[in-house]
């Protein structure tokens, strides 16, 4: 789906701001009271100071009226949502127009022509944040009968972050031609000497057009190539490199009856990505991933778009010598992806397939009553949702140079019977959908040890979340070192031709808590923990990177093991550095972005 853009042929109106808001039931044919309001975009949970609202599960409503802009007979009016978590039904003037499942990808609603002559539109959105065993992410859904006989809906997350909800990303009103550019696919192929790029630009239109023109512009808006039959050659190409980004623009124009009817500009970077001989190659050079697992998580905004925080995070990332992040555990905003393109940051792009491990809830003691875990793949019914989120993520992010790898799931039960049958077609779906044929991975949980995992032979990169010294051998770093060394060597021997990437490792740390001994949660322990891990990492030839968990402390649901959130961040939630930041910066600035242990 194309990002909303103001052009000569498209008008764009911002619908962000204050909307009327209500929890529970509402008749969209009636006007929603303005007694309670909510800001768009943001999570509703942290804006209200009412604890019942913060933890509310069920339907909730947004509504506002807007004046209708001028729409000609050759144009159409579209309401475009960056995301609504986790599902949305959209009404205009009380009429149901469409719905969308999935809380992290954009969708559009076309407004019927019979409304164009009216003065105003009343836009009503019924959102819902329920999660269960058919949704992604996965939640444990149940209902509690209250003392007054009412029923309270409850979701216990099957994952370790807070279930923020709301209209999380921008809402736009778009006036565009009926005959418009509906999609652009860009695939560049580099010559062997990396000096020339053959660029294929495929343009889809909503209706048949007489002519499609594609012009390639450089960053100074100079014409460097003109496409013929959808192909263009860029001589002396400037490559998109790690932390040295360069973006070209595909200027697309559509003509009908000799007149320009639509135009759109799609930025893109030229770079190659492939896996070979245990290395991850960007522009045929072995890259070493240095970076983070993250969350879209800030004070007040919750998971709502915060562009200032996005820029600060990437500035901090670069300052530390890092070059990458993973969109754990869901697709991040389009704005963040575009920013990563501009700044040359590598992105490992992940669908919201988290919680696909039935025993995860029991491990965190949120099912209660000592319920015996069942086989995940006999319980979960997420196949349809999983196929949908893969399709939507690839459709949205396919042209981003920053995206160098896809993630099919985070920490699923890949060690349980049925995992292979579940994931094999999903991994193939990524490969079939992606025009750039990027590597595909699955992020492996500690339970899925080399002797038990049933899936990693199907992926291109072995991605491991490992917590030796924290969840395993807690507080005993000597024992943790031996365990980590042994397991990584086993993976190396099992898959000698696959790169290994550590996608999570970390220890909860409270700023200002100190000790002379190996006491978990202290800043000294966090430093010793990372030193031990890095010592082991440096001995594994195929280990091609390290992404710490987490960039910053983040909010979680209430659990015995969480003290107002997860504190594994190198930074506090308000982005203040812990002592470990200085150690990590020293290490990462000494490791080149393009680096291989293999000589």
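Every read-out reported here was derived from the displayed coordinates using simple, explicitly stated rules and does not represent laboratory data. For clarity, every value in this text was computed on a predicted model and none was experimentally measured. Don't worry about glycine lacking a Cβ; one is built from the backbone with ideal geometry, like all the others, and counts go over all protein chains shown.
When only alpha-carbon atoms count, how far does the stretch 289-590 stretch along each of its three principal axes, as whole angstroms with the largest first?
52, 45, 42
Taking every pair of distinct Cα atoms and averaging 1/r, then inverting, what Kirkwood hydrodynamic radius in Å comes out for the stretch 341-498?
By the Kirkwood definition, the hydrodynamic radius is 17.0 Å.
Tell me, what is the percent relative contact order of the stretch 181-268, built from C-alpha pairs under 8 Å that lie six or more residues apart?
That works out to 28 percent.
At what distance in angstrom do the alpha carbon centres of the stretch 181-232 and the stretch 506-576 lie from each other?
Cα centres, the stretch 181-232 to the stretch 506-576: 45 Å.
Of the DSSP beta bridges with both residues in the chain, give the percent that are antiparallel, rounding to the nearest 5.
Rounded to the nearest five, the antiparallel share is 75 percent.
Please state, to two decimals, what the Cα-based radius of gyration of the stretch 1-111 comes to when divided by 2.2 N^0.38 Å (N = residues).
After normalising by residue count via 2.2 N^0.38 Å, the value is 1.15.
Counting only Cα, what are the radius of gyration and maximum Cα-Cα distance Dmax of the stretch 157-305, in Å?
That works out to 19.9, 56 Å for Rg and Dmax.
Mean projection of the alpha-carbon convex hull of the chain over all orientations, in nm²?
Taking a quarter of the hull surface, the average projection is 28.4 nm².
When you count, for each residue, the other Cβ atoms within 10 Å and take the mean per peptide, how do 227-239, 94-106 rank with the highest first?
So the peptides 227-239, 94-106, ranked by packing, come out 94-106, 227-239.
Highest mean first, what order results for 146-152, 398-404, 182-188 on Cβ atoms within 10 Å?
Most protected by this proxy first, the peptides run 398-404, 182-188, 146-152.
Please report the relative contact order for the stretch 11-177, taking Cα pairs under 8 Å with a sequence separation of at least 6, and give it as a percent rounded to a whole number.
Result for the stretch 11-177 is 31 percent.
So what is the relative contact order of the chain, in percent, for Cα pairs below 8 Å that sit 6 or more residues apart?
Result for the chain is 12 percent.
More than 15 angstrom separation, counting every C-alpha pair in the stretch 271-325; what % is that?
60 percent
Can you tell me the order of 66-73, 547-554 when each peptide is scored by its average per-residue count of other Cβ atoms within 10 angstrom, highest first?
Top of the packing list down: 547-554, 66-73.
Quick check on the stretch 155-233: what does the Kirkwood estimate of hydrodynamic radius come out to from the alpha carbon pairs, in Å?
Result for the stretch 155-233, one decimal place: 16.7 Å.
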